[in-house]
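Here's the structure we're looking at; comments come further down.
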């Protein structure tokens with residue numbers, strides 16, 4: 001009897017899992033003892049980290065997209081038909097088009113979404129770069145900006161935890177390049193009492209901010225934005241004026257997770273090592289969808305996906321378990337428009353970023369293209 | 001009233017306080033959240049922040065090697 005592996009979500013995590021399994025299950029796919037099905041929400045696959053470069057005109061939009069069917073191994077049964085209800089008791093998923101998919105193993109890779117509407121006034125007054133419409137709008141705003149106060153406002157929870165620092169350094173260099181440094185004041189706000197959740201990154205970035213004249217306000221959790229007065233107020237009672245508000249909006253998981261009663265806020269309770277959904281033996285969670293208290297980032301999704309591929313392949317072919325996820329995360333950190341560094345850590349090893357260099361920035365630019373090899377399960 | 005536990009032990013990023021901030025957004029008034037943290041800084045920062053924004057710090061227990069910080073959403 002054929003075993004069905006059903007993947008809900010066609011972002012990076014789901015795509016790596018699908019392609020990685022195809023590469024290891026050649027004979028099983030050929031003889032029909034395994035089939036792999038993916039339910040996605042769009043025909044296209046987006047390289048999300050590339051959005052950071054859009055506002056600065058440093059990447060062409062066409063570079064961000066590929067046809068998802070071309071990214072996926074052709075042996076994956078891919079449907080653009082979003083999941084509407086996930087029933088982990090009956091081992092089935094129903095879709096918006098009314099189909100029902102049964103599974104033997106389910107992979108939840110539904111990802112996260114930005115929710116600027118969850119903070120009063122933010123959607124009206126804020127700019128962001130976490131989706132293509134926002135990134136385009138921010139690009140126009142930056143090109144038209146004649147000077148004044150810019151706030152880079154970070155909210156919890158959010159994915160890609162170094163992106164707020166990166167955009168701040170890039171903004172500073174962008175305006176310096178335009179000869180507008182004396183007309184622009186950048187203030188960065190962060191929810192906890194330092195500039196970044198990673199303590200070594202916070203320690204590194206503070207003197208950099210001081211050196212570059214970037215202001216900051218820590219312990220700043222946004223309560224509301226006043227679009228008329230152009231002010232932003234924190235729960236801690238601080239109010240700041242702005243001419244341009246760039247926000248990293250709070251995130252939530254997907255609605256289908258909430259509607260299926262699989263996790264508060266759309267985050268699925270997940271075993272930190274096995275990546276099982278808590279309470280299930282045949283449901284796995286990968287990428288932003290988990291509630292694991294580590295960075296929501298593409299690299300997290302990638303390292304989790306690698307573990308999940310090995311375990312699913314091993315379960316399907318040998319009925320045995322392969323290995324556990326060690327919490328590994330790796331992030332490039334752009335420290336301007338021409339330099340970068342990187343940070344990695346796992347459940348046991350604390351992060352320790354090295355000095356920024358041009359070489360690492362170039363490697364990040366190279367990775368902007370190598371990403372498509374990651375998604376295909378080749379890198 | 002519901003109680004949620006955040007096991008932030010060994011979490012370098014986003015860390016216990018960021019996890020707590022996110023969890024409070026999803027909690028109802030009166031819900032309690034227990035944060036487990038192996039980081040002494042968080043054991044000090046969390047009560048300070050909780051008092052600043054008007055929630056309730058129910059208590060902190062030294063569990064030997066880690067701390068349990070209990071918080072109640074007050075508004």
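So here's what we get for this one:
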quantity	calculated
Using a Förster distance of 22 Å, the FRET efficiency for residue B:29-residue B:61 (Cβ separation, nearest 0.05)	0.40
Chain A: most fluctuating residue of A:298, A:193, A:14 per GNM, C-alpha cutoff 10 Å	A:193
Segments A:242-255, A:172-185 sorted - mean Cβ within 10 Å per residue, highest first	A:242-255, A:172-185
Shielding by partners, peptide A:190-199 (average Cβ within 10 angstrom, other chains)	5
Gyration tensor (alpha-carbon) shape descriptor, the range A:219-371, a/c threshold 1.5	oblate
Segment residue A:363-residue A:144, length gained on full extension (0.36 nm per residue, minus Cα span)	75.8 nm
Relative contact order of the range A:115-250, pairs being alpha-carbon contacts under 8 Å that are 6 or more residues apart, as %	38 percent
Stokes-Einstein translational diffusion, the range A:31-139 - Kirkwood Rh over all Cα pairs, 0.890 mPa s, 25 °C, in µm²/s	148 µm²/s
Spread of Cα-to-Cα distances over 10 Å intervals beginning at zero, given as percent, for the protein assembly as shown	4, 21, 31, 26, 15, 3, 0, 0
Three-way shape call for the range B:3-67 based on the alpha-carbon gyration tensor, with the a/c threshold at 1.5	prolate
Mean residue ellipticity (222 nm) of chain A, computed from DSSP H runs ≥ 4 via -39,500 (n - 2.57), nearest 500	-9000 deg cm²/dmol
Protection proxy ranking of A:35-47, A:77-89 - average other beta-carbon atoms within 10 Å, highest first	A:35-47, A:77-89
Relative contact order, percent, chain A [alpha-carbon distance under 8 Å, six or more residues apart]	19 percent
Partner chain coverage, peptide B:2-14 - average Cβ within 10 angstrom	6
Rounded to 5, percent antiparallel among DSSP beta bridges of the range A:115-250	30 percent
Overall dimensions of the range A:283-379 as given by Cα atoms, namely Rg and Dmax in Å	15.5, 49
Kirkwood Rh in Å, taken over the range A:184-258 so that all alpha-carbon pairs contribute	13.9 Å
Contact order relative to length of the range B:3-67, as percent, for alpha carbon pairs under 8 angstrom and 6 or more apart	35 percent
Between the range A:73-91 and the range B:39-56, the Cα center-to-center distance that results, in Å	42 Å
Distance from the range A:319-346 to the range B:1-24 (C-alpha centre basis), Å	21 Å
The range A:115-250: C-alpha gyration tensor shape, a/c 1.5 cut-off, then a/b vs b/c	rounded
Average partner coverage of A:69-79, which counts Cβ from other chains inside 10 Å	0
Rounded to 5, percent antiparallel among DSSP beta bridges of chain B	70 percent
Rounded to 10°, Cα long-axis angle of helix A:132-144 versus longest principal axis of chain A	20 degrees
For the range A:1-41 versus the range A:270-314, the gap between their alpha-carbon centres in whole angstrom	16 Å
DSSP-defined antiparallel bridges as percent of all bridges, the protein assembly as shown, nearest 5	50 percent
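Throughout, read-outs are computed from the coordinates displayed, never taken from laboratory work. Only a predicted model underlies this, so the values are computations on that prediction, with no experimental measurement involved. Note: ideal-geometry Cβ built from the backbone for every residue, glycine included; neighbour counts use all protein chains shown.
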